[in-house]
Every structure is written in structure tokens, then in C-alpha cells.
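Student: One structure follows; several queries about it will come next.
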Amino acid sequence: MDTATLPRTPALASRLPQVGTTIFTVMSALAAEHGAVNLGQGFPDFGCDPALPDAVDAAMRAGHNQYPPMTGVAALREAVVAKVERLYGRRYDVNSEITVTAGATQAILTALLAVVHPGDEVIVLEPCYDSYVPNIELAGGKVVRVPLTPGTFRPDFDAIAAAITPRTRALLINSPHNPSGMCWTDAEMRRLEELLAPTDVLLISDEVYEHMVFDGQPHQSAARFPGLAARALIVSSFGKTYHVTGWKVGTVVAPAPLMAEFRKVHQFNVFTVNTPMQHALAAYMANPAPYLDLPAFYQRKRDLFRTGLAGTRFKLLPGEGTYFQCVDIASLAVPERDLPEADFCRWLTQEIGVAAIPLSAFYGNGFDQKVVRFCFAKKDETLEEALKRLSRL
């Protein structure tokens, strides 16, 4: 056949030309190749409460297998609204101020598509989760990067204030914070409330680790603060809370005018979310113990992991929340400590047999501060094997 007549795939200008394979995929593949303990990607290696899949089975057998309401199963919306009011003191309307989503990532993308117009500016605080920037770009927004304070990862309010312009449409925050584990304090949330009060800047608050705050501290949800709640779309995740990350079910709560715009987009990019899982989650939430006990559950794992790491020359950074622990590698007694973070993580995976994630992957400019992140949402025996290998350092 003449090559001139062969079928041709048309050329395509990428919507995300800078996006390649994520560091999580790269490190997980490298861990599998070298038989390393994978403390890189953030997911549990243990199962959920058997009562949860039993509840899904019961919902399926009860006939809950067709489309649910676009906004989510009423019983689940009611359960989440009741939980938010009980924990954070704000009552959201079940019918107009909560929507069930296909996980937190869809929720954040939908929120941005709903409120950002081409040319609008959206502030992100770096290091930040890797979906934020592509989501903003897909919405036609301009990303404005503001660094958290290196080392402590606390918010720099002078830098945030300086970044706000008449074009600023939204600010995206994350507490407890992935990747650092930092948790915003009451005082910091109040300062943010004061900073945003004279503006029309919306707040997108990613709170998927809300039930992983340690040492007896409460989670400072944006819902607690009237001035923030009035402008906030607050994102939560059942996957993180109930050890079912693969279920991809989350929620967004927001004032009715914001939720109305959110739902306009939601109905056309997802429309509905898995019906039997929604019914199962609603039934499971009748018992608050699983989420109320979660801080103690993960704090024990954090303490086990930190105690083991204390026997190495890693410098432990604060671990206030989430299921991640960051360490400074600069004081290690190995020549590889001088490698860039990403190269160090490859070396650690290949030679020591433990996979981690470089914090530079969470910065747009690849800022390298000699810090890497481990995930401790693992079985005790997994953590102990990882610590045994890391003790070689």
C-alpha cells in the first residue's frame, strides 16, 4: 500500500503539555521491579472493616443498583451533614448544600471548572498535591504559586496577601497537608478569615485527611469559621477515612449559591456516583466510632514509624496529621545524601529496598530541600520490614 494512503492519526495540541507520568506511578513501578517496600504512594496495604463490603453486598441485593439522585443518596447526604454539624458546628442544608462526588480529585476539578473563568488567577500553596495545577489549567485559570515556609510548611500570610490581585478567583488550601503532614491551627484559620474578608476570593478547602489529626488536636475545618465557610467549597473523602481509596467516593459541602454552580458541572462530568456504595456508607456512618477512633489508630502507626526512624540519621520533621512522615536526608552518613531528592529516592528504592517520594515532585519548579516523604498507612509488619532496611542508613 502506498504510504500516502495509510490512515493517519491527526496531530493534537495537548491541553496539558507539561504533564507526564506521575512520580507516584514511577516510584511504585520501581518498587515492584526491585522488590522494595513501597512507602511511596499513599494507600493502605490492609483491608477495610468487613462490615463495609458486607453493607455493599446487602445494598446490591436490596436492589440499589440503578442511578441514584445526581446530588447523592439522601441517606448519605443526611449522615455527612449531621457529622459536619456535630464535629464543626455548622449545619449545611441536605438538599442544596452537599453533593456526593466520585472521590476528592473529581470534586476539586469540578469545583475549579465551576468557579474559574479563563484568565482568573488561583493561588496554590506549595508543596501541593499533584492534581491541583493541572485542574486549574484545564479550567483556563492562571496558577499562582505561593510557597509554604520551608522546613515547617506553615502558611506565609504575607506571601499569600501579596499574591492576591483583582484577578484572584480562588485560593486552594489543604489541611491536614499532603505531603508534609502540617495541620492548620485555629489562629491560622482565623488569620486567613481576616485576610479574605475584604475580598471576593473563594476558598477550596481540601480536607480529605480530616480524621487524621494527632496528639489530641482538633481538625480545624473551614466549616468552623463563618467567614471562611461562607466562601468555601469543602472537600472530604470516604476512601481515606475508611481505608477504601479504590472506592473513589467523596463529598463537597458549600453555601447554596456555590453548590448550585458546582452541580451544574457535576451533572455533566460525572452525574452520579456508585449507588450501592453510597447506601453502604450511609449505613456504616450510623456508628461514628470508625472515624472518631481513626486519629488514635494512625497515631500509633506514626509513633511506631517515628520511633524506628529515630534510630537512623534521618532528621524527623513534624508529623501533625495525615498518614505521611517527612524526613530531612541531609544528615545521612551516605554519599547519596547529596543527590537530588528524586535521584536519592531511586537509590533508596534500588539499593536499600524502600520506596519514598521526593518533595520536589510537589513543587512546580522542582524546589529541592533534601526532604522525602514516607507513607505509614501500612501493616505493622510492613513498617517493621521497612525500618529494618532503613536501619542500614
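Taken together, the values in this text are just the output of simple stated rules run on the coordinates, not laboratory data. Predicted model only: the values in this text are computed from it and were never measured. Reconstructed Cβ throughout: ideal geometry from the backbone, glycine too, with neighbour counts over all protein chains shown.
Student: Give me the aspartates and glutamates in straight-line cross-link reach of residue 142: C-alpha distance below 18 Å, same-chain residues under 8 apart excluded.
Tutor: Partners found: 120, 121, 126, 130, 200.
Student: Right, next: Simple spin-label model, 7 Å along Cα-to-Cβ: residue 96 to residue 310 in nm?
Tutor: Rounded to a tenth, the inter-label distance reads 5.4 nm.
Student: Scan the chain and hand back the longest stretch that contains none of the chymotrypsin sites (Phe, Trp or Tyr not before Pro) lying in DSSP loops with at most 12 other Cβ atoms within 10 Å.
Tutor: The longest uninterrupted stretch comes out as 47-270.
Student: Can I ask one more? Indicate the gyration tensor shape class of the chain (rounded, prolate or oblate), computed on the Cα atoms with a ≥ b ≥ c the square roots of the eigenvalues: a/c under 1.5 is rounded; otherwise a/b larger than b/c is prolate and the rest oblate.
Tutor: It is rounded, given that a/c, with a ≥ b ≥ c, falls under 1.5.
Student: Can you pull out the trypsin sites (Lys or Arg not before Pro) in the stretch 135-190 whose DSSP state is coil and whose Cβ has at most 14 other Cβ atoms within 10 Å?
Tutor: Qualifying residues, ordered by number: 167.
Student: Within the stretch 271-308, what residues put their amide N at less than 15 Å from the label point 7 Å along the Cα-to-Cβ vector of residue 78?
Tutor: 279-287
Student: Where does each of 60, 285 land when they are ranked from fewest to most other beta-carbon atoms within 10 angstrom?
Tutor: With the fewest neighbours first, 60, 285 line up as 60, 285.
Student: Please compute the modelled spin-label separation between residue 215 and residue 260, points set 7 Å along Cα→Cβ, answer in nm with one decimal.
Tutor: Output for this residue pair reads 4.4 nm.
Student: Starting at the first residue of the stretch 53-66, write each ³J(HN,Hα) from the Karplus equation 6.51 cos²θ - 1.76 cosθ + 1.60 with θ = phi - 60°, in whole Hz, x for Gly and Pro.
Tutor: Result, rounded to whole Hz: x, 4, 5, 5, 4, 5, 5, 4, 5, 7, x, 8, 10, 9.
Student: Report the FRET efficiency, 1/(1 + (r/R0)^6), for residue 367 and residue 5, where r is their Cβ-Cβ distance and R0 is 41 Å, rounded to 0.05.
Tutor: According to the calculation, E is roughly 0.20.
Student: Further question: Helix-only estimate, please: 222 nm mean residue ellipticity of the chain, summing -39500 (n - 2.57) across DSSP H runs of length 4 or more and dividing by its residues, to the nearest 500.
Tutor: Rounded to the nearest 500, the figure is -11000 deg cm²/dmol.
Student: At 7 Å along the Cα-to-beta-carbon direction for both residue 60 and residue 158, put a label point, then send me their distance in nm to one decimal.
Tutor: Here the answer is 5.8 nm between the modelled labels.
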